[in-house]
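K.L.:
Provided herewith is a single structure, encoded as structure tokens, for subsequent inquiry.
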Amino acid sequence: MRIWNESEILVDRKSKFQGRCCAIKSPDDVPELLQELVQGNKSVSKASHMHMFAWRVGDVVSVNASNSKKKPKSSKKHDSSENNTISIKNIQQGCADCGEAAAGQRLLTLLERTNVVNVLVIVTRWYGGTPLGSARFRHISGVAVESLKKGGFLP
């Protein structure tokens, strides 16, 4: 059983949203994890949108950006980040809406813009009976970001 990094449950007009994420190594991990989440969590299995999700995997490569000029070393711990750039090779990615139009693509765009890889992020929604309009996308993104922060994928 995988340990999920879960957001708090966000409630708006009786609809509930919760984000979850976990590290993955391969696209082959995704179907198994989705099934495991639904089977292992009764509340998720009763949700109107069990798993709106996005995933990205790739090979993270550190590239030294300061080949020509050497700067004097300082005592700062984060100084090396100025000289090294992260590059991602062999990216594979995907998403699904689970009945909430465009939700999966929004989650995938979040992962792309934040340059996060080797992760699966899932948002579950329990529909409360009142349409939320575009606010639902803010909630989906918000709980996804919260879970990614809890998992250490975002600062």
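K.L.:
Taking the chain, how many lysine pairs are there with alpha carbons less than 17 Å apart, if each pair must be eight or more places apart or span two chains?
P.N.:
Final tally of qualifying lysine pairs is 4.
K.L.:
Over all directions, average the projected area of the Cα convex hull of the chain and note it in nm².
P.N.:
Mean shadow area of the hull around the Cα atoms is 10.9 nm².
None of the figures in this text is laboratory data; all of them are computed from the coordinates on show. The structure displayed is predicted, hence computed values, not measured ones.
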